[in-house]
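A quick write-up on the structure given underneath.
The values are calculated or read from the model by the stated rules, or taken from the named source; none is laboratory data. Predicted, not measured: the structure shown is a model, and the values here were computed from it. Here the Cβ positions follow ideal geometry from the backbone for every residue, glycine too, while neighbour counts run over all protein chains shown. Calculation scope for accessible area: heavy atoms of the full protein, side chains included, ligands and nucleic acids excluded. Shrake-Rupley method; radii C 1.70, N 1.55, O 1.52, S 1.80 Å.
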Amino acid sequence: MSNTEPIRHIPVMLSEVVSYLKPPRHKIVFADCTLGYGGHSQKLTEDFTEQDTLLGFDKDQDALTACQALFANSTFSVRLIHQGFEDLRSFFEENPMDGADYILFDCGFSSPQVDEAHRGFSFMRDGRLDMRLNQQQGITAEEICAAWSETQLADIFKNYGDERFSRRIARAIVRRRQIEPLTSTQELADLVLQAIPVKYQHQEGIHPATRVFQALRIAVNDEIEVLRTGLQAALDYLRPGGRIGILTYHSLEHRVVKQLFSDYCGRCICPPGMPQCGCGAHAKGTMVTRKPIRPCAAEIDRNPRSRSAQFRVLERFMDE
């Protein structure tokens, strides 16, 4: 992608993210752990001075290249890091800084990633079955469809996509690859459609292949474990008084965030009726958003990809 190509990405819940994560002071470090095409960070750093620092992490080299141009004339310090947020801990261990004051995670995908057929994230445009965020490493969706057993495929469709016909779809993939390999997004979408009974194909108002594509994408990028690892590191390196905001898009992500945030805020797991806490629960921070914030109807109309988003914000105590 050239630097002159227009960026089509619409940042999800931009006003809400700015409202909760806009730094009120200077001399801060802001870490955007999913920099993407810079939509959130560009707005959040509008008032930054030479005293402030932006750390931008992303596995996608195309996104980092676009952000090099976007922040080329910035007066503040900008570090663009070609790593995922699962590498956050090693970054802070290897660099002379004690953490960040504000940290943002956006677990969604940038529109250019979804819309560019060669990335293989979507069945809306026919392309190679890739789905890797970092195209320089890792297993592809095509390789998973070609090599994983019927049971393994069914398990990821069920566990990562909540697909009720996971076994039928897995069986269809195995049968197909015995004849010829699946190599394109359209081939997979058509195969899923054929595997699902007709009366169930359009009951939920989404394409029948949506859940399968989500499940494969999560498996390819190991998204759930990556999120758990990265968010735990962010909690460990959040400076006193700092905030973490995170946008999640499906139940598996919501669950990981709720668990880690609850633990950080001192959730006691002792059995009911115990005279005193024995699990060692200790609150290090508090939830700024008591309930997850969701996009308004106007935003969903403008950007349908935001419809499943949930935004949560945690703040670390000053004396921790």
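Remark: segment 189-202, residue by residue, has Karplus-estimated 3J(HN,Hα) of 4, 5, 5, 4, 4, 5, 7, 8, x, 3, 5, 9, 5, 10 Hz, where x stands for each Gly or Pro and the curve is 6.51 cos²θ - 1.76 cosθ + 1.60 at θ = phi - 60°. Couplings 3J(HN,Hα) for segment 63-75, derived from phi with the Karplus relation 6.51 cos²θ - 1.76 cosθ + 1.60 (θ = phi - 60°), are 5, 5, 5, 5, 6, 4, 6, 4, 9, 4, 9, 5, 7 Hz, where x marks Gly and Pro. Here the label points at T183 and S90, each 7 Å from Cα along the C-beta direction, are separated by 3.4 nm in the simple model. Once all protein chains are placed together, I179 keeps about 140 Å² accessible to a 1.4 angstrom probe.
Go ahead and run the numbers for FRET between A298 and E143, Cβ-Cβ distance against an R0 of 35 Å, rounding to 0.05. Spell out each step's value before the answer.
Values: r = 41 Å, r/R0 = 1.17.
E(calc), rounded to 0.05, equals 0.30.
For the chain, the solvent-accessible area with a 1.4 angstrom probe is 48 square angstrom per residue.
Count charges around F157 for me, please; just the other residues with Cβ under 13 Å from its Cβ, Lys/Arg as +1, Asp/Glu as -1. Spell out each step's value before the answer.
Working: positive: K158, R164, R167, R168, R171, R211, R217; negative: E150, D155, D162, E163.
Taking every Cβ under 13 Å from that of F157, the sum is +3.
For the chain, the 222 nm mean residue ellipticity estimated from helices alone, with every DSSP H stretch of n ≥ 4 adding -39500 (n - 2.57) and the total spread over all residues, rounds to -11500 deg cm²/dmol. When the surface is traced with a 1.4 Å probe over the full set of protein chains, H82 keeps roughly 60 Å² accessible.
For segment 15-111, which trypsin sites (Lys or Arg not before Pro) pass both filters: DSSP loop (anything but H, G, I, E, B) and at most 14 other C-beta atoms within 10 Å? Present the calculation step by step, with values, prior to reporting the outcome.
On the way: sites: R25, K27, K43, K59, R79, R89; in loops: R25, K27, K59.
Hits after loop and neighbour filter: R25, K27.
Labels on offer are (i) 22, 43, 26, 8, 1, 0; (ii) 30, 54, 16, 0; (iii) 30, 51, 19, 0, and the one holding P(r) over Cα pairs in 20 Å bins from 0, in percent computed from this structure is (ii). The string of couplings for segment 21-34 from the Karplus curve (6.51, -1.76, 1.60, θ = phi - 60°) is 10, 5, x, x, 9, 10, 6, 10, 10, 10, 10, 9, 7, 9 Hz, one whole number per residue in order, with x for Gly and Pro. Expressed as a whole percent, the accessible surface of the chain that belongs to carbon and sulfur atoms is 47, based on a 1.4 Å probe.
Counting only lysines at least 8 places from K43 when in the same chain, those with an alpha carbon closer than 19 Å to its own are K22, K27.
Can you give the Rg/Rh ratio of segment 135-269, where Rg is from the C-alpha atoms and Rh is the Kirkwood radius? Please list the in-between numbers first.
Values: Rg = 18.1 Å, Rh = 16.8 Å.
That ratio equals 1.08.
Annotation for segment 204-247: GluC sites (Glu not before Pro) lying in DSSP loop with at most 10 further Cβ atoms inside 10 Å of their Cβ are E204.
Amide H contacts under 5 Å for G242: R316, restricted to partners 5 or more places along the chain or on a different chain, H placed in the peptide plane at 1.01 Å from N.
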